[in-house]
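Q: Submitted below is the structure of interest, expressed as structure tokens.
Values in this text are rule-based calculations from the coordinates and carry no lab data. Owing to the predicted nature of the structure, the values given are computational and were not obtained by experimental measurement. Every residue, glycine as well, gets a Cβ built from its backbone with ideal geometry; the counts of neighbours run over all protein chains shown.
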Amino acid sequence: MLIEKFIEYLQIEKKYSVNTLHAYKKDLAEFQEFIYENYDKYVIENVDYKVIRSWIVQLVKKNLSNRSINRKVSSLKSFYKFLVKTDTISSSPLIAHSPLKHSKKIQVPFSKDEIGALLDSDFFNSDYRGVLQKTIISFFYFTGVRRIELINLKASDVNMNSKTIRVMGKRNKERIIPMLPRLKESINEYLKIKSQKFNHKLHEHLFVSKSGIKLTEKYVYRTVNEYFKLVSPKVKKAPHVLRHSFATHLINEGADINSVKELLGHSSLSATQVYSHTSMERIKEVFKNSHPRAK
């Protein structure tokens, strides 16, 4: 019952996405099952830290990464914080917990050459599917949106007159992204073939499948992954790498990090700084132009 109330709180008050809610619910259900199997005298709201520590040890033995374990414990931490807030418990059993150490993953963005090689190629067919997929990839790189944001984008969110796109981000936070000429051209081409295919039928969502329904996350992931296999040797070829490329390329070209933060829809600057690892070529260029003995 308490877990359901917590999930309802996250949904209504925090405006968390369906996927995030599912992850919280799954983590809490796993911990609750662990309690039932190992500790008869406890229920989830009155455990002490030693019980949580035992669960962490079990997760380590299952070869979960420290990053994954920290995410699960973070779900518990939020849950107990909610119980304190609602006066269900007096203090959180995780108040003194320190996350497990883990190495930072550095996402390697697609290079400008790789993206150019794909978008300027003839890999995309001229039918509806080909134009849709090329527009999806262009949209990711020209806007830096998240996958779920692209999927949920409404046709009415794109304003061709003002050349802007309204994006609804996490926790219903709205942001406006300028539409560059290349993207406008790509969207216009897509809208034209979309209108022809569906005989001018209007759809709520901007991007729809060839059967006229809202895109799935799997379809969007597969689109990015399969096309970038043709131009990039990188192991990870997910939509988020395009978001990463968008931010990295802007910063490497001299964009102000606060402006990039607004474009990405981040609530804090620290989240944007993850994308600000500078390429070695950029470092060499700055070093060469700035060091007094370089010339």
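Q: For segment 101-170, what are Rg and Dmax over the alpha carbons, in angstrom?
A: 15.2, 50
Q: In what order do Arg147, Arg222 fall by count of nearby beta-carbon atoms within 10 Å, going from fewest to most?
A: Least to most surrounded, the residues fall as Arg222, Arg147.
Q: One-quarter of the Cα convex hull surface for segment 1-115, in nm²? Don't skip to the end; give the middle numbers.
A: Details: hull surface 38.3 nm².
Over all viewing directions, segment 1-115 projects a mean Cα-hull area of 9.6 nm².
Q: Residues with amide H under 5 Å of His205's amide H, sequence separation 5 or more or different chain, H placed in the peptide plane at 1.01 Å from N; which?
A: Hits under the 5 Å cutoff: Ala155.
Q: On to the next question. In vacuo Debye scattering of segment 112-242, one point per C-alpha: log10 I(q)/I(0) at q = 0.16, 0.18 Å⁻¹?
A: At q = 0.16, 0.18 Å⁻¹ the computed log10 ratios are -0.80, -1.03.
Q: I would also like to ask the following. Which ³J(HN,Hα) values in Hz, rounded to whole numbers, follow from the phi angles of segment 74-79 under the Karplus curve 6.51 cos²θ - 1.76 cosθ + 1.60, where θ = phi - 60° and Gly and Pro get x?
A: 4, 4, 4, 4, 5, 4
Q: Taking Cα centroids, how far is segment 110-172 from segment 3-45 in Å?
A: 35 Å
Q: ³J(HN,Hα) across segment 119-124 via Karplus (A = 6.51, B = -1.76, C = 1.60, θ = phi - 60°), whole Hz, x for Gly/Pro?
A: Listing the rounded values in order: 5, 9, 8, 10, 6, 8 Hz.
Q: Report the charge-dipole magnitude of the chain in Debye, nearest 20, computed about the Cα centre from +1 at each Lys and Arg Cβ and -1 at each Asp and Glu Cβ. Numbers along the way, then the final one.
A: Values: 52 positive and 29 negative charges, 103 e Å.
Around 500 debye, computed over the chain.
Q: Here is a further query. For the chain, what does the helix formula give at 222 nm: sum of -39500 (n - 2.57) over DSSP H segments with n ≥ 4, over the residue count, nearest 500 deg cm²/dmol? Walk me through the intermediate numbers first.
A: On the way: 13 runs with 162 residues, N = 295.
Using -39500 (n - 2.57) per qualifying helix, the result is -17000 deg cm²/dmol.
Q: Would you list, by chain and number, the aspartates and glutamates whose Cα falls below 18 Å from the Cα of Lys26, excluding same-chain residues fewer than 8 positions away?
A: Straight-distance partners of Lys26: Glu4, Glu8, Glu37, Glu45.
Q: Which of Phe140, Phe82 has the fewest other C-beta atoms within 10 Å, and how do the rest follow up to the most?
A: Working: Phe140 25, Phe82 21.
Ascending Cβ contact count within 10 Å gives the list Phe82, Phe140.
Q: While we're here: Expressed as an acute angle from 0 to 90° and rounded to the nearest 10, what is the orientation of the C-alpha long axis of helix 217-228 relative to the principal long axis of the chain?
A: In the chain, helix 217-228 runs at an angle near 50 degrees to the longest axis.
Q: Given 20 °C and 1.002 mPa s, how large is the Stokes-Einstein diffusion coefficient of the chain in µm²/s, with Rh as the Kirkwood radius over Cα pairs?
A: Working: Rh = 22.2 Å.
In µm²/s, the coefficient rounds to 97.
Q: Beyond a 32 Å Cα-Cα separation, which of these cross-linked pairs lie in this structure: Lys197/Lys234; Lys173/Lys214; Lys14/Lys261; Lys163/Lys197; Lys154/Lys237?
A: Numbers: Lys197/Lys234 35 Å; Lys173/Lys214 22 Å; Lys14/Lys261 21 Å; Lys163/Lys197 25 Å; Lys154/Lys237 26 Å.
Distance filter (> 32 Å) returns Lys197/Lys234.
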